[in-house]
Amino acid sequence: MKSTIAPAEKKTHGTEDVLHQLSLLNQKHNKLKKQINLLVGLFGIALALGFVSFTGKKPKLVNTYEHNILKVRGLIVTDSNGVERVWIGAPAPDPLLFGKRINRGEGFNGILMFDKTGTERSGYGTFDESNSVGITLDEAGRMVANFMARDAGGVKLTILDEYDNQIGIGTYNKGPYIKLLKRGAGSPDKLLLIRADSTQGLNLMR
């Protein structure tokens, strides 16, 4: 039996099939292109975020002795006017009284505190020559209280007023003592010393 389809009709249907296939391939190409562009965009965003995170992240310190200790010879704290108010040092400086350095008498290592004028008012630390440790409280230009411990052999607490009247209490290698000193204005000083030791017991001296 002979075909009823004309040759022209066969050619037309073949061309339509090819065009249809090309159209499908073009659609797939466009879809793949969009997916590639999307992936490139996401990669760029991820890269940018990673860079920001890396540059903004502080380096992690290793938890060792060397990385957690600040080793310095001194540290100075100033107020808003630039006046030195706290000094931590080894050694610490001689006292500054009304703008003038006064010889302390021996090397001192520790903490010093100053008032708004820069005058030394208190200190806590160790002394080199006597090898003692102490806390002092000062008026402007004069010590009025100190609590001192020797490297061996005793400790003492001394308190003074503006006239150098004195109260002292402590202990040393011969035993404890209490001292009261009244400075005389134009008259002899009055001293009450109560001292207990192993040989003399209780002594009263005026």
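The values are calculated or read from the model by the stated rules, or taken from the named source; none is laboratory data. The structure presented is a predicted model; accordingly, all values stated were derived computationally and were not measured. Backbone-built Cβ (ideal geometry, glycine too); neighbour counts: all protein chains shown. We work out accessible area using only protein heavy atoms, side chains counted, and drop any ligands, DNA or RNA first. Shrake-Rupley method; radii C 1.70, N 1.55, O 1.52, S 1.80 Å.
Scan the stretch 67-84 and report the pairs whose first residue is over 19 Å from Asn109 (Cα atoms) and among the charged types (D, E, K, R) and whose second residue is open to solvent by less than 90 Å² (accessible area, probe 1.4 Å) and not in a loop (DSSP other than H, G, I, E, B), with Cβ atoms within less than 9 Å and a gap of 6+ or a chain change.
Asp79/Arg85
Take Glu84 and decide whether it is farther than 19 Å from Ile135 by Cα, open to solvent by 40 Å² or more (accessible area, probe 1.4 Å) and acidic (Asp, Glu).
yes
Before we move on, is Ser53 in a helix (DSSP H, G or I) and at pLDDT below 70?
So Ser53 passes the test.
Check every one of the strands (runs of 3 or more DSSP E) wholly within the stretch 89-206 and list those with 1 or more residues that are among the β-branched types (Val, Ile, Thr). Working first, answer last.
Values: elements: 108-114, 120-127, 133-139, 142-149, 154-160, 166-172, 175-182, 190-197, 201-205.
Ranges flagged: 108-114, 120-127, 133-139, 142-149, 154-160, 166-172, 175-182, 190-197.
Considering each residue of the stretch 119-133, count those that are under 22 Å from the mean Cα position of the chain (by Cα) and surrounded by fewer than 18 Cβ atoms within 10 Å (Cβ to Cβ), and give that number. Full working, then the answer.
As a first pass, look at the stretch 119-133 and keep what is under 22 Å from the mean Cα position of the chain (by Cα): 122-126.
Those left that are additionally surrounded by fewer than 18 Cβ atoms within 10 Å (Cβ to Cβ): 122, 124, 126.
So the answer is 3.
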